[in-house]
Every structure is written in structure tokens, then in C-alpha cells.
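Below is one structure; the comments refer to it alone.
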């Protein structure tokens, strides 16, 4: 509980300035530029998460199995090579980004190395350094993007924001891992390739597949809204996602603390204690979300000058999704501890199919609100079964 509140409080402090800056983007950027920024940032996040989410979890869950001590450089190089390969394969679709493709690829690379700098300290349960790294990278982004807003105001373009974020994340990574990183090791592609073969040959290939599907799932809504609707709908949905990201801070803090703690738990009593504390947090989180949903009706129109009226309802639906995820998704850490990877892959694939179907059905008719409803339904399809499977396995272990 102490570590959760430490991580959450630092996350809130770290992202407060960045949150203000990104909300200012909603207020000042032209609708077309904000829609393009939403799509480009989502594409970069998709490419980054496909590689970073799985590799970073393997670094924690499979640290001993794959003998990852002292192999930091190989892990980073493996992710960067993956992003570069994805950028090469996706190059035929570069036209969809209206000249932003190099910036998107660079941002994806900066995202993976920045995320790993946090994971390094998370695995060691050094949550003070973990939180300090998060504060540094968000502060750097806030300063960079804030300076651009002050300089260009309503004339700010999406490309400038993407490059500013890329530089800020790369700088934060260098500062965070400078004491432990052997820079020459980043050029050792053969070591990264050997690690990739080791992962591919073992059960953790399924864990990587699970997080790859989840990465697609987490960004699919923006991509499909871009395809199925116009810039106004995309910008409205992007605005709702910005506010939803603030609620997601709590979920991120829970996962950051629970994942390594559950991996190191040695008894059913320890596991029960961890999840009992998580349940108490749910009881605090739900009223906070209700207040946020109520306040959205006047805060969001004030921020965006009423340009995105559908974003309020879309945010409220996403807020319900945040509650569902906060209550149920942390139980995935138990399934990872027990290596129930096939179950996770099958469930994630099912939820992805549901998400695609719901988006195709709802976005053309209901726009941003339809996209948020599709996200809620699909999130429930993956998180609720995870909870019941985790509970069943915990009861079996007693």
C-alpha cells in the first residue's frame, strides 16, 4: 500500500504539468492538427508497446529463466531493432501520416528506451528511482511542449510536438540509465538476436504475443476512428482520451507495484494480502472517478471552448472502462506468475476481435461515443475473465 501511494503520488506530480500542457494542446491546436497529432502519437505508441510491453514484462517475470542479469543493453537493442523493423515494414503506409512518418518512428524508439528505464528500477523494487525516472521524463516533455506552445500558440503543428517529445524522452533515458548502461553494448546486435531466439524458443514467447495483442488492442480505437470517421470525430475522441489518461495513472501505479510483489510472494497468505489491499484501493478509486465524470460536464467544454461536444460523453464512458480495468486487470499479474500464457493469448485475441466488431458497428453511427463504448465492452471481455481465472487459481493453491 505504501509503495502504491508513493508511485501514484509521484506519478500525479510528474504528470500534472504534462497534463496541463497536453490539455492546453486541446485548447489551442487547430482541429486538423490535433486530430493528426492524436493519430500519429497513437501509431508511435502502438509500435513501441508491441515491443516494450512484452520485453519489459519478460525482464521482470522471466529474469531468472532467461538469465537477464547484466543483459540490459541486449534488451534495449532488441526493442530498438524491433521498432526499426516495424517502421521499415510499415513504410508503404507513410502517406497516411502526412509527412510525419519519420517523427512517428523516432518517437516510437524514444518511447521503448524510456519505458525500459522505468522497468529496470521497477524489477529491483527501487520505487523511489522508478518514480524519479517518471518525473524526469514527464517534466522534460512538459517543458519541451510547453515551450513550443508559448512560442507558437495556435500555430503549433503536430510535427513539432512529436519531435519535442522524442528529444525529451531520449534525454530522460540517458540520465536515468547512465550509471548502469554500457553504451558500446547497444551495438551488439548478435547478443540481442541470441536473446530473441531464447525467448522465441520458450514459454515466454506466448507472454510476448499476449502483450503484442494488448498493444494493438490499446491503440486500435484511434486507428479505426481515423479510418471510419473525420478529423472532428478523431479530435473529439482524442480529447476524451487525454482526460482518460489521467485516470489511468492509478492503474499504472497498481501494476507497477503488484507485478514484482506478486512475483516474489511465497505463500497464499501473501497473495491474499496483496489483493485485499488492492480491493481497498478500488473502494477509493470508484468515488474519485464518479466525481471526475460529474466535473467533466463543465471542465471539458471550458478547456476546448466547446469545439468537441461529444468528448464529454465519450470520457464518461471511458471512465467506466477505467473502473473496470482498475478493479479486474491487476489480477493478470497472478496469471503471469503461474505462466498461464495460453489462456491470456486466447483471451486477448477474443477481446481484440470483439473490439474490431464493435468499432465497425458503432463508430460510423455514433462517432467518438461509439468508440468509447466499443472500448468499454472489449476491456470488460478481457479483464473480467482474467479476474475469475485468477481467483480460481488462487483457491486451488490453498
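Throughout, read-outs are computed from the coordinates displayed, never taken from laboratory work. The structure displayed is predicted, hence computed values, not measured ones. Cβ: placed from backbone, ideal geometry, glycine included. Neighbour counts: every protein chain shown.
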**OP:** Neighbouring Cβ atoms within 10 Å as the yardstick, rank 173, 127 fewest first.
**Re:** 127, 173
**OP:** Given the options 180, 214, 50, state which has the largest fluctuation in a GNM of the chain using a 10 Å cut-off (strictly under) for Cα springs.
**Re:** 180
**OP:** Pick out which of 194, 40, 209 has the largest mean-square fluctuation in a Gaussian network model of the chain, springs linking Cα atoms closer than 10 Å.
**Re:** 194
Subject >> Separation in nanometres of the label points that stand 7 Å from Cα toward Cβ, at residue 269 and residue 182 >> reply: 4.3 nm
Subject >> Dmax and Rg, reported as Rg then Dmax, of region 34-145 (C-alpha, Å) >> reply: 15.3, 45
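Per 0.36 nm of contour for each residue apart, how much would the distance between residue 349 and residue 391 grow if the chain were fully extended, relative to their Cα-Cα spacing? The partial results should precede the final answer.
Details: separation 42, 0.36 × 42 = 15.12 nm, distance 2.14 nm.
Using 0.36 nm per residue and subtracting the Cα-Cα distance, I get 13.0 nm.
Multiplying the sequence separation of residue 384 and residue 126 by 0.36 nm and subtracting their Cα-Cα distance, what value in nm do you get? Please report the intermediate quantities before stating the final value.
Details: separation 258, 0.36 × 258 = 92.88 nm, distance 3.05 nm.
Working it through step by step, the gained length comes to 89.8 nm.
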**OP:** Summarise the long-distance tail of P(r) for region 1-202 by giving the % of C-alpha pairs beyond 21 Å.
**Re:** 55 percent
**OP:** Return 55, 23 ranked ascending by Cβ neighbour count within 10 Å, so the fewest neighbours appear first.
**Re:** 23, 55
**OP:** Provide the packing ranking of 275-288, 108-121, i.e. peptides ordered by the mean count of other C-beta atoms within 10 Å per residue, highest first.
**Re:** 108-121, 275-288
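If r is the Cβ-Cβ distance from residue 246 to residue 81 and R0 is 35 Å, what FRET efficiency results, to the nearest 0.05? Walk me through the intermediate numbers first.
Details: r = 33 Å, r/R0 = 0.95.
Here the calculated transfer efficiency is 0.60.
Treat region 140-187 as a sphere of radius equal to its Kirkwood radius over Cα pairs and apply Stokes-Einstein at 37 °C in a medium of 0.692 mPa s; give the translational diffusion coefficient in µm²/s, rounded to a whole number. Present the calculation step by step, with values, prior to reporting the outcome.
Numbers: Rh = 12.1 Å.
Answer from the Stokes-Einstein relation: 272 µm²/s.
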Original post:
What nm distance separates the two modelled labels at residue 89 and residue 276, each placed 7 Å from Cα along Cα→Cβ?
Top reply: 4.7 nm
**OP:** Run the numbers on the chain and let me know its relative contact order in percent, using alpha-carbon pairs under 8 Å that are six or more apart.
**Re:** 24 percent
Original post:
Over region 1-202, what is the mean sequence separation of C-alpha contacts under 8 Å (at least six apart), divided by residue count, expressed as relative contact order in percent?
Top reply: 36 percent
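Roughly speaking, what is the stretch gain from residue 65 to residue 175, that is 0.36 nm per residue apart minus the C-alpha to C-alpha distance, in nm to one decimal? Mind showing how you got there, number by number?
Numbers: separation 110, 0.36 × 110 = 39.60 nm, distance 2.92 nm.
Result for the pair: 36.7 nm of gain on full extension.
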**OP:** Principal axes first, then extents: for the Cα atoms of the chain, list largest minus smallest coordinate on each axis, whole Å, largest first.
**Re:** 54, 47, 37
**OP:** Return a whole-number percent for the relative contact order of region 229-398, with Cα pairs under 8 Å and 6 or more residues apart as the contact set.
**Re:** 32 percent
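Could you tell me the calculated FRET efficiency between residue 356 and residue 200, based on Cβ-Cβ distance and R0 = 30 angstrom, to the nearest 0.05? Can you show the working numbers first?
On the way: r = 27 Å, r/R0 = 0.89.
After rounding to 0.05, the efficiency reads 0.65.
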